[in-house]
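The values are calculated or read from the model by the stated rules, or taken from the named source; none is laboratory data. All of these numbers come straight from a predicted model, not from anything done at the bench. Cβ placement follows ideal geometry from the backbone for every residue including glycine, while neighbour counts extend to all protein chains displayed. Surface areas here come from the heavy atoms of the whole protein model, side chains and all, with no ligands, DNA or RNA. Shrake-Rupley method; radii C 1.70, N 1.55, O 1.52, S 1.80 Å.
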Amino acid sequence: NEAAAMTIQVQRVSGQVQHTYECDEVPCTERTIYIHPLTFDNHVEFSDVSVVPIPGTVTIATTEHNAFPDGCPLRGAKVCGYDHHRRTLLACVSTTPLGRYSLPIVNGLDFYLEVT
């Protein structure tokens, strides 16, 4: 019984996010495995490492007025995302003059933000 090559490919788009994958911490979209007839213990793993932008605005509480109904924007604030389970830093960005930010976070992670 000779082994036969079988190639498995992954591809996914969710909304505007084109998913990216890794195999053994290297970018990949396919894996080839060799299977023998009547064997069912083959294991193939792809890790979805897609990054999605998490946008937001940092404003100062109790400073609402006509020009800024949500409050005055806070320029240059540091916004950091942390993995909720591992408590590790994922990414940090600074806010724009209008208090806006877009933080790149791996899709599907549970995370929390800290603003300083």
Review point. What nm distance separates the two modelled labels at residue 36 and residue 109, each placed 7 Å from Cα along Cα→Cβ?
Key: 4.1 nm
Exercise for review: Would you mind telling me which residue in 57, 96, 39 has the biggest mean-square fluctuation in a Gaussian network model of the chain, where springs connect alpha carbons within a distance under 10 angstrom?
Suggested key: 39
Check your understanding: Using modelled amide H (1.01 Å from N, peptide plane; none on Pro or chain starts), what sits under 5 Å from the amide H of residue 91, excluding residues fewer than 5 places away?
Key -> 81
Exercise for review: Treating the Cα atoms of the chain as identical point scatterers in vacuum, please give the log10 of the normalised Debye intensity I(q)/I(0) at q = 0.16, 0.19 Å⁻¹, two decimals.
Suggested key: -0.87, -1.03
Point to revise | Scattering curve values for the stretch 47-97, log₁₀ I(q)/I(0), Debye with Cα scatterers, q = 0.14 Å⁻¹ | key: -0.51
Study note, to complete from the structure: Of the accessible area of the chain, computed with a 1.4 Å probe and all protein chains kept, carbon and sulfur make up a percent value of 51 percent
Practice item. Could you size up the charge dipole of the chain around its Cα centre, putting +1 on the beta carbon of Lys and Arg and -1 on that of Asp and Glu, and report it in debye to the nearest 20? Key: 580 debye
Practice item. Once you have the Cα-Cα distance between residue 4 and residue 49, take 0.36 nm times their residue separation minus that, and quote the gain in nm to one decimal. Key: 13.3 nm
Point to revise | DSSP-assigned coil residues among GluC sites (Glu not before Pro) in the stretch 13-116, each with at most 11 further Cβ atoms within 10 Å | key: 25, 45
Revision key, fill the gap. Contour minus Cα-Cα span, residue 94 to residue 25, at 0.36 nm per residue, comes to 22.0 nm
Practice item. Averaging sequence separations of C-alpha pairs under 8 Å and six or more residues apart, then dividing by the length of the chain, give the relative contact order as a whole percent. Key: 22 percent
